[in-house]
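**Q** Here's a structure for you.
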Amino acid sequence: MKKLAVKDLNKFFDAISADQLLYMPLEKGGSVNYGIYSRGDKYDPTVLHTVKSVKDVFFPQCESMASFVTAGKKFEVAPIAPVDQSFTVFGVRACDVRGMEALDKVFLSDPVDSYYAARRAHGTVISVACSAPEETCFCTAFGIDPTNPGADIQAVIAGEDILFSANTEKGIALLDKVADLLSDTDDSAADDAKASIKEILNKLPLADIDLSAWGEGKTEELFDRPEWDELCKSCLGCGTCTYVCPTCQCYDIRDYKVGDKTTRYRCWDSCMYSDFTMAAHGTNRPDKKQRFRQRFMHKLVYFPDRYGMFSCVGCGRCVAKCPVSMNIVKVIKAMGGKNNG
């Protein structure tokens, strides 16, 4: 295990960003999101979550895919190449690391999404253990340990130091690159810090939320439950929950034409929108109840059926951001379970 004084983190950031892009949580306009580090930018370890997850780095909210230029009868296609340069992402929390695992299941399965795959191949992820989980967190319900977040390198802040351990070859290579900034240490300080974090986790109000009513093979049991009729009533269909979610992967592809040039791009879409998957015949989920049910059944039943894991990671972003407080926790509890009251 390696250590660095927290006060020297900018030296660490400067060394990494000298020859590659470094993404990290940055404050702008009162909100914290992943942005590209510039010399002097400060990292605030007290900020638990970015507004949007690290998903935005590997699967951007909007990205160009190709361009088309017409000149008379001539037509030229210019594909936009996937990312081919190394970059690093710092400050990823354990829930978002698990979220990336869910995205991997979708985008790295056949047929592989070349844009996402290139970013995953070229990106090195440094996670940071949660030092102060919030009341909206329930990642432990999904078997996530926020004190051991995983990724290529995982870090934990212990007093005045930040401690690093590499988990992959990419992680080892990155720590070797900044070796002159780091010193060796044993695991005792990290163990003490993790023990303090776990004390907080055990006291969180959602720590014992029960998922026994959900999971693989539950479609028939849950699909026609009468609770959906009441649960969906307050939903505005605004899509906020899908945009802050670290695992939602729906997108739309559109063309934007200016003069003789057309750019094809993709952008995030939401199953909560009334025109989602709209085709000539209309949409396959014409009413709000169907759209509402689809979101939560996908997270908690359909995704486990297909990939063997839940597509919710308990980050609590939708709990914090839903304007009408109709979130996945309320849906989970409404369907029962011995600890859900």
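The values are calculated or read from the model by the stated rules, or taken from the named source; none is laboratory data. Keep in mind the model is a prediction, meaning the values are calculated, not measured. Methodologically, a virtual Cβ is constructed for each residue, glycine included, from the backbone with ideal geometry; neighbour enumeration extends over all protein chains shown.
**Q** With respect to Tyr307, determine if the residue is within 27 Å of Glu216 (Cα to Cα), among the hydroxyl-bearing types (Ser, Thr, Tyr), touching a strand residue (DSSP E or B) at 6+ places or on another chain (Cβ under 6 Å) and surrounded by 14 or more Cβ atoms within 10 Å (Cβ to Cβ).
**A** No; evaluated as a whole, the condition is false for this residue.
**Q** Scan the stretch 48-73 and report the pairs whose first residue is surrounded by fewer than 13 Cβ atoms within 10 Å (Cβ to Cβ) and whose second residue is in a loop (DSSP other than H, G, I, E, B) and at pLDDT 90 or above, with Cβ atoms within less than 9 Å and a gap of 6+ or a chain change.
**A** Note: pairs meeting the criteria are Gln61/Lys52.
**Q** Hey, another quick one. Do we find that Asp287 is farther than 23 Å from Leu206 by Cβ, more than 19 Å from the chain's Cα centre (by Cα) and among the acidic types (Asp, Glu) in this structure?
**A** yes
**Q** Read through the list (1) more than 20 Å from Asp96 (Cα to Cα); (2) part of a loop (DSSP other than H, G, I, E, B), then give the number of the only condition that Cys248 fails.
**A** Among (1) more than 20 Å from Asp96 (Cα to Cα); (2) part of a loop (DSSP other than H, G, I, E, B), Cys248 violates only (1).
**Q** To continue, here is another question. Exactly one condition in (1) more than 30 Å from Asp208 (Cβ to Cβ); (2) under 17 Å from the mean Cα position of the chain (by Cα); (3) surrounded by fewer than 24 Cβ atoms within 10 Å (Cβ to Cβ); (4) not basic (Lys, Arg) is not met by Ile126; state its number.
**A** (3)
**Q** Among the listed residues Tyr115, Tyr37, identify the single one that is closer than 30 Å to Gly259 by Cβ, of a type in the set (Ser, Thr, Tyr) and touching a strand residue (DSSP E or B) at 6+ places or on another chain (Cβ under 8 Å).
**A** One residue alone meets the criteria, Tyr115.
**Q** Please work out which one of (1) farther than 26 Å from Val156 by Cβ; (2) surrounded by fewer than 17 Cβ atoms within 10 Å (Cβ to Cβ) is the condition Ala132 fails and give its number.
**A** Here Ala132 clears every test but (1).
**Q** Another question about this same structure. Looking at the stretch 36-57, which of its residues are of a type in the set (Val, Ile, Thr) and either within 12 Å of the chain's Cα centre (by Cα) or not in a loop (DSSP other than H, G, I, E, B) (or both)?
**A** Ile36, Thr50, Val51, Val54, Val57
**Q** Take the residues in the stretch 224-271 that are in contact with a strand residue (DSSP E or B) (Cβ under 9 Å, 6 or more places away or on another chain) and among the basic types (Lys, Arg); name whichever of them is farthest from Lys333 (Cα to Cα).
**A** Looking at residues that are in contact with a strand residue (DSSP E or B) (Cβ under 9 Å, 6 or more places away or on another chain) and among the basic types (Lys, Arg), I get Lys261.
**Q** Can you tell me which residues in the stretch 227-245 are assigned to a loop (DSSP other than H, G, I, E, B), at negative phi and modelled with pLDDT under 95?
**A** Cys235, Leu236, Cys238
**Q** Asp113 fails exactly one of the following numbered conditions: (1) more than 14 Å from the chain's Cα centre (by Cα); (2) surrounded by 15 or more Cβ atoms within 10 Å (Cβ to Cβ); (3) in contact (Cβ under 8 Å) with a residue 12 or more places away in the chain. What is the number of that condition?
**A** So Asp113 meets the others, but not (3).
**Q** So in the stretch 205-229, with the set limited to residues that are touching a residue at least 60 places away in the same chain (Cβ under 8 Å) and among the charged types (D, E, K, R), which one is surrounded by the fewest Cβ atoms within 10 Å (Cβ to Cβ)?
**A** Asp229
**Q** Out of all the residues in the stretch 191-211, which are part of a helix (DSSP H, G or I) and either within 20 Å of Ala320 (Cβ to Cβ) or of a type in the set (S, T, N, Q) (or both)?
**A** Passing the criteria: Ser196, Ile197, Ile200, Leu201, Asn202, Lys203.
**Q** Looking at the stretch 168-178, which of the residues that are touching a residue at least 60 places away in the same chain (Cβ under 8 Å) and part of a helix (DSSP H, G or I) is farthest from Val89 (Cα to Cα)?
**A** Among those residues, the one meeting the criterion is Lys177.
**Q** Okay, next question. Do we find that Leu9 is touching a residue at least 60 places away in the same chain (Cβ under 8 Å), under 30 Å from Ala189 (Cα atoms) and not assigned by TED's automatic domain parsing to the domain that holds Cys248 in this structure?
**A** Yes; evaluated as a whole, the condition is true for this residue.
**Q** Got a sec? Which of Val77, Val106, Val83 is surrounded by 18 or more Cβ atoms within 10 Å (Cβ to Cβ) and of a type in the set (Val, Ile, Thr)?
**A** Val83
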